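The values are calculated or read from the model by the stated rules, or taken from the named source; none is laboratory data. Worth saying up front: this structure is predicted, and the values here are computed from it rather than measured. Glycine gets a Cβ as well: all are built from the backbone with ideal geometry, and neighbour counts include every protein chain shown. When the accessible area is computed, the model is the full protein with side chains, heavy atoms only, and any ligands, DNA or RNA have been set aside. Shrake-Rupley method; radii C 1.70, N 1.55, O 1.52, S 1.80 Å.
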Amino acid sequence: MSAARRSRAPGGDVGLERLRRPKAVFIDVGGPLYTDENFLVAAITALDELRAEGGDGPVDRAAARALYDAFRNGREPSLRGALAERFLGSAARRGELHERTRAHWQHPAGTLYPDALPFLAAVSRHATIGVLANQEAGVIDALRRDGAGDLVSVWGVSAVVGHEKPSPELFAWCLDQAGARADEAVHIGNRFDNDVAPAHALGFGTVWVLRGEAPDEAPPAQAAVADLVVPDLAGLADVLFPAE
């Protein structure tokens, strides 16, 4: 079943029209391409290390998972803050947790979603593809290892570029590298706050992929901002570039 039949286009035909035949397609990494479990594993590893330094035992995995799910579904405003408060004793240690997590945040072989490469390959025949993500520099090597290197032309990786979503600077940098305007581009992401909302505000077409850190169900008010809401990437290339 195609993405067009399994998805919701809150803006109807008008929303879909904004997605048709873009000059550039930008995509987030965690959620759309790789499983966000990679970040959770890194955060738990960092927490274990920090707790061990204070003489405490390993993190309760089930409790960490519960906080992750609460964050995904909007019941926690900050995942790092919630994890730091629960397992390190203070949300003020969020920054310390963030820095320690960075050292472990990787995308091992086998964690790329199976629909990622077919989607990128199909889109690459029609548009410039860019990664637009808050990620460490190692994600570039991971995508090259997994066969996406030749399909991506713009590497908008926050650790390399020096800007992070949701700031408009990273989006603007990617547009400049692709030689496209916002109204000629589509951004695909799984976070409303970091992907859908800022991209929409800048004039991009937007696709919200509901996996990884995305909520189980898109809140109606937020879904209405996206041009398209989909569960995955299967069939999405045909929505962006329909047959003549």
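Could we say that R51 is at pLDDT below 95 and among the charged types (D, E, K, R) here? No: the conditions fail for R51. Going by the conditions given, is A223 at pLDDT 95 or above, open to solvent by less than 20 Å² (accessible area, probe 1.4 Å) and in contact with a Pro (Cβ under 6 Å, 6 or more places away or on another chain)? For A223, the condition - at pLDDT 95 or above, open to solvent by less than 20 Å² (accessible area, probe 1.4 Å) and in contact with a Pro (Cβ under 6 Å, 6 or more places away or on another chain) - is met.
Tell me which residues, restricted to region 226-244, are of a type in the set (A, V, I, L, M, F, W, C) and under 17 Å from the mean Cα position of the chain (by Cα).
Going through region 226-244, the residues of a type in the set (A, V, I, L, M, F, W, C) turn out to be 226, 228-230, 233-234, 236-237, 239-241, 243.
Within region 226-244, A226, L228, V229, V230, L233, A234, L236 meet the criteria.
Here V157, V161, V123 are screened, and the one residue that is open to solvent by less than 50 Å² (accessible area, probe 1.4 Å), of a type in the set (V, I, T) and within 16 Å of the chain's Cα centre (by Cα) is V157.
Here R144 fulfils each of the conditions (1) free of Cβ contacts under 8 Å to residues at least 24 places away in the same chain; (2) assigned to a loop (DSSP other than H, G, I, E, B) apart from (2). Applying the set (1) open to solvent by 30 Å² or more (accessible area, probe 1.4 Å); (2) within 19 Å of A234 (Cα to Cα) to G89 leaves exactly one unmet item: (2).
Checked against (1) surrounded by fewer than 24 Cβ atoms within 10 Å (Cβ to Cβ); (2) modelled with pLDDT of 95 or more; (3) over 24 Å from L117 (Cβ atoms), R211 passes all but condition (3).
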